[in-house]
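One structure is given below, encoded as structure tokens.
Just so it is clear, none of the values below were taken in a lab; they were calculated from the coordinates. Just so you know, these numbers come straight off a predicted model, no measurement behind them. Cβ: placed from backbone, ideal geometry, glycine included. Neighbour counts: every protein chain shown.
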Amino acid sequence: MNYKQTIEYLYNQLPVFQEVGASAYKEGLDNTLALDDYFGHPHGNYRTIHVAGTNGKGSTSHLLAAVLQQSGYKVGLYTSPHLVDFRERIRVNGEKIAEQYVVDFVEKHRKSFEPIYPSFFELTMMMSFCYFADMKVDVAVIEVGLGGRLDSTNIITPDLSIITNISFDHTQFLGDTLEKIAGEKSGIMKNNVPVVIGETVPETRPVFELCAERTGAPLIFAEEGNYILSAEHDSQYWIFESKHYPHLKGELNGNVQIKNAATVLCAIEQLQNKGYIIPQNAVYDGFAHVVELTGLMGRWQVLKESSPKIVCDTAHNSGGMQYIADQLKNETYEKLHIVIGMVNDKDITAILKLLPKNAIYYFTRASIARALDEKNLQKQAEGFGLKGNTYPTVNDALFSVMRSVGENDFIYIGGSNFVVAEALESKYIG
């Protein structure tokens, strides 16, 4: 098989959560442990950092990887889902895994892993662990896929665990209260492994404290460390004032990055306490150049600076969308255009009620089985005073908005990772 055929095999033969949803979810670690035994526990060959949370774990993982990379470490980075290319999930010092490695891995091992019946996530995670071992990385930043306690990544014993925040997402698997979700995500806590908590609410803090006490994990709350004293945004960067890093420029845009920056600075301090050598200049370089260093996309990503300004973001739950709604209030425009599509297993109501009514909406759907029908989305949105037309594809929606937009208008594209992914590849954006 060539690379394209191999990727088609992975998608067609293995259950893929991002494509079909709940039917791909496999509770428990039995498959992962069986794969880990077969491959010889590759994650034991390097140090790891484990990142969980509802929102912000992708930005946090990439920021931390960028800083460690600039500190001279060879850094593996495993994240999900990807936007355009499967290989975005697995990187070493920002470089995507080689196509040929993916092909060879599947061809060499498929007769052994097929009887285990792994999910797409279970197998590709193990592929990343093997790749990092083969590439002889010093440390790997591992992003949790879903939850924590029963997530496939939870077989590692990291130097540091991070839980960014808790809000409502994947409630059919993780629970329907913030306390239950916090309990699942706290499942990554391990004895004597420090845990940085990026953000708490009254419902989640007691859960974190109880889980840390039970597991013997030292608990650090980033909110209590005053890591960010102030934050202002110029035309391109966040400018953070920090007690250890004055005038720290942050490349990632969006209001949510203030919380993420504090979480990462707290994590850096904990890693330094464990013997990591992270110079001050590496922190400045990592924060200022994270996109170039890691290839991160889709976080308040400015696709066009003006005439009109176009921004996309992968926020897809109420916690993430609250930040987007606040951010949109800070923008200046004549008309606001929102291209939006969602998947059918999200709390649609919780998201729609956060969106601005003073916008022209383009309701659409991504080309995946989980996509919510655009007419259904439009009907639900009308109940919140959100008005616009429907479009059967993301390209159709983008074609329409680009025909009608004025040079002083603002276009926001989002609602799901898949809408953003298709927008990034669209001929109408660029």
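A few comments on the model shown:
- Approximating the spin labels as points 7 Å out from Cα along Cα→Cβ, the Lys357-to-Leu33 distance works out to 5.4 nm.
- Note on region 178-253 and region 271-341: Cα centroid distance 18 Å, given to the nearest whole angstrom.
- Percentage relative contact order, region 320-424, counting C-alpha pairs under 8 Å, at least six apart: 35
- Where labels lie 7 Å past Cα in the beta-carbon direction, separation of Glu331 and Glu223 in nm: 2.8
- Near Leu160, the amide H atoms lying under 5 Å from its own belong to His50; only residues 5 or more places off or on other chains count, and H is placed 1.01 Å from N.
- Exceeding the 18 Å Cα-Cα cut-off - candidates Lys379/Lys427; Lys346/Lys379; Lys335/Lys427: Lys379/Lys427; Lys335/Lys427
- The calculated FRET efficiency for the pair Asn2 and Gln236, based on their C-beta separation and a Förster distance of 35 Å, comes to about 0.30.
- Reachable lysines, given that their alpha-carbon falls under 20 Å from the alpha-carbon of Lys96 and they are not under 8 places away in the same chain: Lys4, Lys57, Lys74, Lys136
- Normalised convex hull volume, region 64-134, alpha-carbon set, Å³ per residue: 91
- Of the peptides 161-167, 346-352, the ranking by mean beta-carbon count within 10 Å, highest at the top, reads 161-167, 346-352.
- Rounded to 5, the percent of DSSP beta bridges in region 301-424 classed as antiparallel: 20
- Placing a pseudo-label 7 Å from each Cα along the Cα-to-Cβ vector at Asn344 and Thr157 gives an inter-label distance of 4.4 nm.
- Listed residues Leu372, Pro279, Pro42: farthest to the positive end of the dipole of the chain (Cβ charges): Leu372
- Per residue, the chain reaches -11500 deg cm²/dmol at 222 nm when only DSSP H runs of four or more residues are counted, each adding -39500 (n - 2.57).
- With 0.36 nm allotted per residue and the present C-alpha distance subtracted, the Val201-Lys427 stretch has 77.1 nm of extension available.
- Of all aspartates and glutamates in the structure, those lying under 13 Å Cα to Cα from Lys304, and not within fewer than 8 positions of it along the same chain, are Glu407, Asp409.
- Cα gyration tensor shape for region 301-424, rounded if a/c is under 1.5, else prolate or oblate: rounded
- Pairs from Lys243/Lys309; Lys180/Lys259; Lys309/Lys357; Lys111/Lys190 whose Cα-Cα separation, in the structure shown, is over 27 Å: Lys243/Lys309; Lys111/Lys190
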